[in-house]
Amino acid sequence: MTEYDEQDPIRGNVLYQRHGGAVVVQNPPALPLPPERLDHIYALPYERAAHPSYEPEGGVPALAEVKFGITSHRGCFGGCAFCALNFHQGRIVQKRSIPSILAEAELITRLPGFKGYIHDVGGPSANFRNPSCKKQLRAGTCKGRQCLSPRPCKNLEVSHRDYLNLLRGVRGVPGVKKAFVRSGVRYDYVMLDRDRTFLSELCEHHVSGQLKVAPEHISKDVLALMGKPGREVYEAFCAEFLKINIGLNSAGRLASKQFLVPYLISGHPGSQLKDAVALAEYLCQKRYSPEQVQDFYPTPGTLSTCMYYTGIDPRTMKKVHVPGREAKAMQRALLQYRKPENRDLVEKALRLASRADLIGYGAGCLVRPKRGEGHTGQSDGNKRRATAAPKSSDGRGRRRRF
Ligand code: SF4
């Protein structure tokens, strides 16, 4: 907690810790760079290619994802407890100027293999282009307080104007057909902006079919430990996204339907089996099957890692439930309960959580009973409805993104 608290370039202290006969010293991070300094760094003559020594092995496939993407800023004031970004980029956002980014966009249009699509214009959280408040630059970030959780700070400055101008500029660069935003968008910050122009233009011009957002969970207790907003904020965002997309579709301004892709974490400290079951039920209600689920892993230095290791939330010193190896496996399986290979683990988890009512044929059931076992789930009416549901391409029921 001390290390976390002192991770500030303006008010942070030097830390010392004795290790055997030596002392480890941690200096505060470097001061944030002003835009002109950051512009200089990004304007250096990078090769923008993997080292030729990789060629005999077929190159570096991951490069394709980032080669035509642009970093618009560094740092994030989101304050997610599981994220290490506070340690390596900091909580004070540092941005490049719009002319510098437009110059890079022009450069990208001249790169071999460019087909007119900028893959991303963003940063750790795409829509944080400025520090969260004026006080930050003078006195540093607040110790023991976050900018967005548990409630948005009254000093938080909410505006998407600068990011909007940037996106408008990039999509206007000759040779650019589309400029996508693939970095995660902080939907709680979007919802704080009463002006919906950003969300509307994002949907119309910068979503490549799927917009990634990170609700991470739906359980109030787990979200509080993660430092994430409540489920109601996410649902309000989903409703707004849907409304805007319906409007754009009916006006013929979108070529095809667009979806939200939510990122979820299983097995985070504080997450009990009942929380994972609740999340699985939520996914079932929404008819959403996540293709990927991130099982929590302890990233060095984060608050969540501290909880994982000590079983204590270092912010409150209260005990936190830490799921063990098997419980983590069950929580992960619950979020992908449709996968046949997860069936037995899901059943075990449901029985352990005293939720055998979700084993059956009803529409709200997560798994079916094993052949020869009676079903314990919902009524036959539900069974008929479930049986009649359209099948997805994987044959396990209709899939829908939300
Ligand atoms: S005053 Fe509020 S917005 Fe500014 S750093 Fe502190 S918590 Fe964040």
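Just so you know, all these numbers are worked out from the coordinates, no wet-lab data involved. Keep in mind it's a predicted model, so treat the numbers as computed, not measured. No Cβ is skipped: glycine too gets one built from the backbone with ideal geometry, and neighbour counts run over all protein chains shown.
Choose one of 140, 118, 176: the residue whose Cα lies farthest towards the positive end of the charge dipole of segment 114-187 (beta-carbon charges +1 Lys, Arg; -1 Asp, Glu; about the Cα centre).
The residue sitting most towards the positive pole is 140.
Among the chymotrypsin sites (Phe, Trp or Tyr not before Pro) within segment 166-226, which fall in a DSSP loop and have no more than 12 other Cβ atoms within 10 Å of their own Cβ?
Details: sites: 180, 187, 189, 198; in loops: 180.
Counting only loop positions with at most 12 other Cβ atoms within 10 Å, none of the chymotrypsin sites (Phe, Trp or Tyr not before Pro) in segment 166-226 qualifies.
Could you calculate the FRET efficiency of residue 154 with residue 351 from 1/(1 + (r/R0)^6), where r is the beta carbon distance between them and R0 is 35 Å, rounded to 0.05? Present the calculation step by step, with values, prior to reporting the outcome.
On the way: r = 47 Å, r/R0 = 1.34.
Using R0 = 35 Å, I get an efficiency of 0.15.
Looking at the square roots a ≥ b ≥ c of the eigenvalues of the Cα gyration tensor of segment 267-367, which shape do they give, rounded for a/c under 1.5, prolate if a/b is larger than b/c, or oblate?
Values: a/c = 2.38, a/b = 2.02, b/c = 1.18.
Prolate is the answer for segment 267-367, as a/c is 1.5 or above and a/b outweighs b/c.
Given the options 49, 22, 10, identify the residue whose Cα lies farthest towards the positive end of the charge dipole of segment 5-56 (+1 on Cβ of Lys, Arg; -1 on Cβ of Asp, Glu).
22
If I measure Cβ to Cβ between cysteines in the chain, which ones have no partner under 4.7 Å?
76, 133, 142, 147, 153, 203, 238, 284, 306, 365
Any chance you could give the angle, 0 to 90 degrees and rounded to 10, that helix 273-286 forms with the longest Cα principal axis of the chain?
90 degrees
If you bin the C-alpha pair distances of segment 140-288 every 10 Å from 0, what whole percents do you get?
Pairs per bin, as whole percents: 10, 34, 34, 18, 4, 0.
How many angstrom lie between the C-alpha centres of segment 324-365 and segment 109-135?
Result: 39 Å between the Cα centres.
Show me the ranking of peptides 298-306, 59-67 by mean Cβ neighbours inside 10 Å, starting with the highest. Can you show the working numbers first?
Numbers: 298-306: 17.1, 59-67: 12.0.
Listed from highest to lowest mean packing, they are 298-306, 59-67.
Please work out the C-alpha center-to-center distance from segment 1-62 to segment 237-304 and express it in whole Å.
First find each Cα centre; the distance between them is then 31 Å.
Tell me the mean residue ellipticity at 222 nm calculated for the chain from its helices only (DSSP H runs of n ≥ 4, each -39500 (n - 2.57), averaged over every residue, nearest 500). Spell out each step's value before the answer.
Details: 16 runs with 144 residues, N = 402.
About -10000 deg cm²/dmol.
Calculate the spin-label point distance for residue 255 paired with residue 1, positioning each point 7 Å from the Cα along the beta-carbon direction, and give it in nanometres.
5.3 nm
Just need the relative contact order of segment 63-193 here, percent rounded to a whole number, with Cα pairs under 8 Å and 6+ apart. List each step's numbers first, then the result.
Values: 199 pairs, mean separation 42.5, N = 131.
The normalised contact order for segment 63-193 reaches 32 percent.
Taking the 0 to 90 degree range and rounding to the nearest ten, how far is the long axis of helix 343-352 tilted relative to the main principal axis of the chain, both from C-alpha atoms?
80 degrees
Taking only C-alpha pairs under 8 Å that are 6+ residues apart, what is the relative contact order of the chain in percent?
On the way: 677 pairs, mean separation 48.9, N = 402.
RCO, the chain: 12 percent.
Assuming 0.36 nm per residue, please report the length gained on full extension of the stretch residue 10 to residue 109 beyond their Cα-Cα distance. Before the final figure, lay out each step's value.
Details: separation 99, 0.36 × 99 = 35.64 nm, distance 3.88 nm.
In short, 31.8 nm is gained.
Compute the distribution of all C-alpha to C-alpha distances in segment 203-253, in bins of 10 Å from 0, and list the percent of pairs in each, rounded to whole numbers.
Reading upward from the zero bin: 23, 42, 25, 10, 1.
Sort 69-76, 167-174, 83-90 by the packing proxy (mean of other Cβ within 10 Å over each peptide's residues), most packed first.
Working: 69-76: 22.2, 167-174: 16.8, 83-90: 18.2.
Sorting 69-76, 167-174, 83-90 by mean packing, highest first, produces 69-76, 83-90, 167-174.
Between residue 50 and residue 285, with labels modelled 7 Å along Cα→Cβ, what's the label distance in nm to one decimal, could you check?
Taking the simple label geometry, residue 50 and residue 285 are separated by 4.5 nm.
Work out, in µm²/s and without decimals, the Stokes-Einstein translational diffusion coefficient of segment 234-277 at 25 °C, 0.890 mPa s, Rh from Kirkwood over C-alpha pairs.
Details: Rh = 13.0 Å.
Roughly 189 µm²/s, to the nearest whole number.
What are the semi-axes of the equivalent ellipsoid for segment 94-172, taken as the square roots of 5 times the Cα gyration tensor eigenvalues, largest first, in whole Å?
Details: eigenvalues 205, 29, 24 Å².
The three semi-axes for segment 94-172 are 32, 12, 11 Å.
Just list whichever of 154/220; 67/339; 134/328 have alpha carbons separated by over 31 Å in the model shown. Before the final figure, lay out the partial values.
Numbers: 154/220 22 Å; 67/339 34 Å; 134/328 41 Å.
Too far apart for the 31 Å limit: 67/339; 134/328.
Report, in debye and to the nearest 20, how large the dipole of the chain comes out about its Cα centre when Lys and Arg carry +1 and Asp and Glu carry -1 on their Cβ. Working shown, then result.
Values: 62 positive and 38 negative charges, 231 e Å.
For the chain, the charge dipole is close to 1100 debye.
Tell me, what is a quarter of the convex hull surface for the C-alpha atoms of the chain, in nm² with one decimal? Please report the intermediate quantities before stating the final value.
Numbers: hull surface 98.5 nm².
Over all viewing directions, the chain projects a mean Cα-hull area of 24.6 nm².
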